[in-house]
1. Taking the stated definitions as given, is Asp66 assigned to a helix (DSSP H, G or I), under 26 Å from His90 (Cα atoms) and free of Cβ contacts under 8 Å to residues at least 12 places away in the same chain?
2. Say we look at the range 70-87 and pick out the residues that are hydrophobic (A, V, I, L, M, F, W, C), surrounded by 10 or more Cβ atoms within 10 Å (Cβ to Cβ) and without any contact (Cβ under 8 Å) to a residue 12 or more places away in the chain; which of these is farthest from Tyr111 (Cα to Cα)?
3. With the requirement that a residue be touching a residue at least 12 places away in the same chain (Cβ under 8 Å), over 14 Å from Leu110 (Cα atoms) and not hydroxyl-bearing (Ser, Thr, Tyr), what does the range 9-38 give you?
4. Scan the range 50-67 and tell me whether some residue there is over 22 Å from Leu135 (Cβ atoms), in contact with a Cys (Cβ under 8 Å, 6 or more places away or on another chain) and either at pLDDT 95 or above or surrounded by 12 or more Cβ atoms within 10 Å (Cβ to Cβ) (or both).
5. Specify which of the listed residues (Leu123, Leu96) is out of contact with any Leu (no Cβ under 8 Å at 6 or more places or on another chain), hydrophobic (A, V, I, L, M, F, W, C) and either on the phi > 0 side of the Ramachandran plot or not in a loop (DSSP other than H, G, I, E, B) (or both).
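The values are calculated or read from the model by the stated rules, or taken from the named source; none is laboratory data. None of the values given here were measured: they were computed from a predicted structure. Methodologically, a virtual Cβ is constructed for each residue, glycine included, from the backbone with ideal geometry; neighbour enumeration extends over all protein chains shown.
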Amino acid sequence: MARYDASGMTIAELREFASFAPCEQRYIRRSLDIALGRGDAVARWARDEDEAASIRAQCVAYRDLDQLRTILPSVDGLDSLQPFMARVMHQTAFDLMQGRIAGFSAYRFLYERLFGAEVRPWLPAAFCGAAAMPLIRPEKRRVLLQSISEAAATAHGWSTRPPSFYPEFVEAEAA
């Protein structure tokens, strides 16, 4: 029975990923390649020099992810909140400013894979805080903030089940 539950959850994650816009799917895969060190992201993802520059900037922005993952389990009060939350909001603002994440669902999907299940309680606050920053264009701010459901914003608890599906780049075969 546990095998069925795990495979059912993986299928749900696959379906959720498939529901995202193509640009969100591409950005999530690219981001995971960078964060997890899966190959040369510039060679794989850059379609032009502007995108190559964006990928190099993302590599710099993601360089602290390992350290943030180690801080996360010790966040248990206001004193330990600032080092983690400030950096996660900074990271979130970077990703939102790239213009390829259209809403909370795609953001949550990506960040659960960047940080693990333990980050779930912090995601609504980081997303809302970063989405409300004046660095984000006003019309984009509105769309981002409206994308978070009341249920996500006011959840009483979060699943501790780690994500199981990590989307990857798939080479198109020549016909």
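1. Taking the combined requirement at face value, the residue satisfies it.
2. For the range 70-87, the residue satisfying everything is Leu81.
3. Met9, Arg38, listed by residue number.
4. no
5. Going through Leu123, Leu96 in turn, the sole match is Leu123.
Yes/no per residue for (1) under 16 Å from the mean Cα position of the chain (by Cα); (2) farther than 14 Å from Arg113 by Cβ; (3) not aromatic (Phe, Trp, Tyr):
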site	(1), (2), (3)
Glu24	yes, no, yes
Glu49	no, yes, yes
Arg63	yes, yes, yes
Leu68	yes, no, yes
Ser74	no, yes, yes
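Let's see how each residue does on (1) of a type in the set (Gly, Ala, Ser); (2) out of contact with any Lys or Arg (no Cβ under 9 Å at 6 or more places or on another chain); (3) modelled with pLDDT of 95 or more; (4) under 16 Å from Leu68 (Cβ atoms):
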{"site": "Gly103", "(1), (2), (3), (4)": "yes, yes, yes, no"}
{"site": "Ala106", "(1), (2), (3), (4)": "yes, no, yes, no"}
{"site": "Pro124", "(1), (2), (3), (4)": "no, no, yes, no"}
{"site": "Ala132", "(1), (2), (3), (4)": "yes, no, yes, no"}
{"site": "Gln146", "(1), (2), (3), (4)": "no, yes, yes, no"}
{"site": "Ala151", "(1), (2), (3), (4)": "yes, yes, no, no"}
{"site": "Thr154", "(1), (2), (3), (4)": "no, yes, no, no"}
{"site": "Glu171", "(1), (2), (3), (4)": "no, yes, no, no"}
{"site": "Ala174", "(1), (2), (3), (4)": "yes, yes, no, no"}
